[in-house]
């Protein structure tokens, strides 16, 4: 059992440097408000500068050149990355004990790797593959012929429809539904006829998917979530969507069918994109934005419908003063009528 | 085992006609990009015309009068309907083997029809009815006194609160919660007192409900989802809502309490309606729209709040040029001041 | 078995008064449309005045001073509160029979209170506490070291991540996920590195949480949902959020990380707040609104971004007539050019 970490030790671990007492011993990490003299805290968002000044923390992790007088500081080039590293060190994630629960049901021809853990009341259907070190939480349902990559973890009650493929080192949170039927109907004379959804869903390596999110399989072909993409809770990704590697999709965002998204795109909370669009690399989509047309690489768009963010902001500024603008137009109409009557009188 | 289908055979099956080689043999269906010479592909959305020209598909399913030179074509009056028919033929949905899993728990007085399948760890509470051919997926919980119609399928982990009624041939996807308590509270002196929700939820025949969608039962009386209505993932339908037959609700849309929606209405993604409204037949609600007032039959509305779509579009066009409009008003003010000073000088 | 209630008896129970026949016997409660001569109905929303006139109800519950001729009335100062009381009396909620299902799995060192009910296929992990009268529905997963307060009910398939604390008399609906990992990543050179989420989630007493809602635990410290808060379906509350007592969050609303919300705040459907904000006491956030900045106590805000509601409404009114406003500006430009040319001609 480790009792604490010296500040110099933490600095070495994250490639940072100490400003203050290198021998200060820290036993935990806490928020600026909650920290005591044995805790390391952190200032990674300038909004909390005042809280940092007032904090009782033993030491504070900061970015380059941060000025916090009277504190022992751990300065790191990328303080939020350093925080992640220190948290991993101080709070290593407990891993479930390997083994298949006697209360789980494993189908015929399932390939179970080494050190796999399967929780109670999980169902793994015929012909599935569980990679080495995979963790299948309690109550999960893994459909026939699915693949779970090495060291991937499904938390409780995740459902995979048949034929779904999840890569290595993924984290799939509770309640997620992967590979469900896409929303495809051919309407004729008022009847919505189901278009069979025969495609599949591929989730690449190192993807994290938040609680109760749903990602449908393709109608035909593949829905694909690129490597390293991180998806928040209650997100909806429709059939046939392709998301490039490194994407970030915040909570309650939604991508409609067949839309293709480039690398390292970012969707903020409650934003969405219509179907059949091409959204470029490194695109940023603001909160509650609705993307209704293609978006070029590197764009930052907001609004309903989405336009260039600065342009939207300028329009939005005028929106607030619209009543005033209308009053000014009325006033102009009065003044010009006055001038016209004078001018008419003169002619 | 079928090895392939001749193009003429598929054309006959869907009431279409062949333009090209009727004897071409196709073994599968693929997207325009993914198809090879043995695949049928399809062009049902004009956006993909270029992909169709470049496709290596053996044959392409198209609408009337489509011109794609150098390809064998299957022309159908309603190509998307034809696609549904061909997919059903080529990829018949595997049906679960009938039988009640020994790991399922069936309550007292449950009526189990012929050829019913109940998966492991499903719970069917006392007094429920499972129609002929019904499928209850693994981990489902069917509350007391519920009814599941013939040939209806609950995928994994669906929950029905007690007394919920689901019609025939419905498809309920994983994680759906039907008949939960409505959000009803009587607030008095800052305390939100729960209003007991004693109504129920009726889902009529041929309804499909997407993953993790929730539909609450009525406070008093019924919530009702009309026959043939199709609902996407993560949709919320509140207590007391009535949706007419043939509705379409896209992902993440939401309908607040007691709102009544006519036949064949369509809600696009992330749209919503406030409570206690009347929304007419065949109404179309655009993406991210917020309906805050009654809507007449046949309307197409968009915006927050929703207005006639064309009207919204015209306003939206001016929204984009608001900074310019404001500048023009400023310029007018300067010019008129100039004229006024001249005019004043003259008087 | 009770056969009915005299109107005078119901009036006494809710502190109301009878206007009409005190001896009328009522056997149930129904909506205005659905009620017959043996039913009590209610008029708590003036929208339904016409339906009340036409109702066949035996008696109608109304607010003070309501005029409905030819009806027996039960007048109450707070009719919606009275409705809640009468519903509780006429339809007492059936409580599950206490007892732990033989198909549930209870871990080591779990403290199980008196009269606890645990359903089949539920998993309660090591070191958890179930208070007296707690109900754990079928298929629930209660993570290690969690606490469930007395008389709290988890409906089917609720998941608690380890260390989650839920207070007394809470109602947690099916599919809810509590205490999941927050969405925290430190991005460096295009790689999103997971920031370990070591905090926890505390849900205070008398909270109700709707189906498939997700509330994440804090990155460090606590996410906290204040006593008496009521949360609808498909709501997302991110890591580190603090909601004061008495909050109301309607369906599909979302609160981003670390935002703090005061007492008795109300979020309407599909609204949201960005992260790291302070939102005051008694704030009302309109439907589909996006709060992107701090909000003062008592404010009513709407729009994207949120502004004072009246101000938004005034701008919105002009938005609708923007095409007309632009036309008027054009007309002014023509008229002024005319005047200028005259004026120039005169000089």
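Of the residues screened, residue B:307 is not one that is closer than 19 Å to residue A:318 by Cα and facing another protein chain (nearest Cβ under 7 Å).
Might you check whether a residue that is crowded, with 18+ Cβ neighbours inside 10 Å, touching a residue at least 12 places away in the same chain (Cβ under 8 Å) and either touching a helix residue (DSSP H, G or I) at 6+ places or on another chain (Cβ under 7 Å) or facing chain A (nearest Cβ under 8 Å) (or both) occurs anywhere in region B:320-336? Scanning region B:320-336 turns up no residue that is crowded, with 18+ Cβ neighbours inside 10 Å, touching a residue at least 12 places away in the same chain (Cβ under 8 Å) and either touching a helix residue (DSSP H, G or I) at 6+ places or on another chain (Cβ under 7 Å) or facing chain A (nearest Cβ under 8 Å) (or both). The set of residues in region A:158-171 that are assigned to a loop (DSSP other than H, G, I, E, B) and within 20 Å of the chain's Cα centre (by Cα) comprises A:158, A:167, A:168, A:169, A:170.
Under the condition of being buried (at least 19 other Cβ atoms within 10 Å of the Cβ) and either at the interface with another protein chain (Cβ under 8 Å from one of its Cβ atoms) or over 30 Å from the mean Cα position of the chain (by Cα) (or both), the residues counted in region A:86-99 number 1.
Condition (residue is buried (at least 22 other Cβ atoms within 10 Å of the Cβ) and within 25 Å of residue A:179 (Cα to Cα)) applied to region B:124-134: is it met by at least one residue? Checked region B:124-134: at least one residue is buried (at least 22 other Cβ atoms within 10 Å of the Cβ) and within 25 Å of residue A:179 (Cα to Cα). Filtering region A:255-270 to residues that are within 10 Å of another protein chain (Cβ to nearest Cβ) and under 12 Å from the mean Cα position of the chain (by Cα) leaves A:264, A:266, A:268, A:269, A:270. Exactly one residue out of B:215, B:279, B:284, B:220 is surrounded by fewer than 21 Cβ atoms within 10 Å (Cβ to Cβ) and touching a strand residue (DSSP E or B) at 6+ places or on another chain (Cβ under 9 Å): that is B:284. Scanning region A:172-189 turns up one or more residues that are at pLDDT below 95, assigned to a loop (DSSP other than H, G, I, E, B) and over 24 Å from residue A:104 (Cβ atoms). Residues of region C:32-54 that are touching a residue at least 12 places away in the same chain (Cβ under 8 Å) and within 30 Å of the chain's Cα centre (by Cα): C:32, C:33, C:35, C:39, C:40, C:41, C:42, C:43, C:44, C:48, C:51, C:52. The residues listed here are A:234, A:248; of these, the one that is within 10 Å of chain C (Cβ to nearest Cβ) and surrounded by fewer than 24 Cβ atoms within 10 Å (Cβ to Cβ) is A:248. Comparison of C:207, C:242, C:202 shows that the only residue that is within 14 Å of chain B (Cβ to nearest Cβ) and either closer than 29 Å to residue B:210 by Cβ or under 18 Å from the mean Cα position of the chain (by Cα) (or both) is C:207. Taking the listed residues A:175, A:179, A:137, the one that is within 22 Å of the chain's Cα centre (by Cα), within 30 Å of residue B:76 (Cβ to Cβ) and assigned by TED's automatic domain parsing to the domain that holds residue A:230 is A:179, with no other qualifying. Filtering region A:293-314 to residues that are within 13 Å of residue A:262 (Cβ to Cβ) and touching a helix residue (DSSP H, G or I) at 6+ places or on another chain (Cβ under 9 Å) leaves only A:299.
Scan region C:162-199 residue by residue and report those that are within 14 Å of chain B (Cβ to nearest Cβ) and over 13 Å from residue C:238 (Cα atoms). Selection gives C:169, C:170, C:171, C:172, C:173, C:174, C:175, C:176.
Here residue B:63 meets each of (1) closer than 21 Å to residue B:81 by Cβ; (2) in contact with a helix residue (DSSP H, G or I) (Cβ under 8 Å, 6 or more places away or on another chain); (3) more than 14 Å from chain A (Cβ to nearest Cβ) with one exception, condition (3). Taken over region C:210-230, the residue count meeting the criterion of being over 15 Å from residue C:180 (Cβ atoms) and at the interface with another protein chain (Cβ under 9 Å from one of its Cβ atoms) is 7.
Take region B:37-55 and flag every residue that is under 14 Å from residue B:24 (Cβ atoms) and surrounded by 14 or more Cβ atoms within 10 Å (Cβ to Cβ).
B:38, B:39, B:40, B:41
The values are calculated or read from the model by the stated rules, or taken from the named source; none is laboratory data. Just so you know, these numbers come straight off a predicted model, no measurement behind them. With ideal geometry, Cβ positions are generated from the backbone for all residues, glycine too; neighbour counts draw on all protein chains shown.
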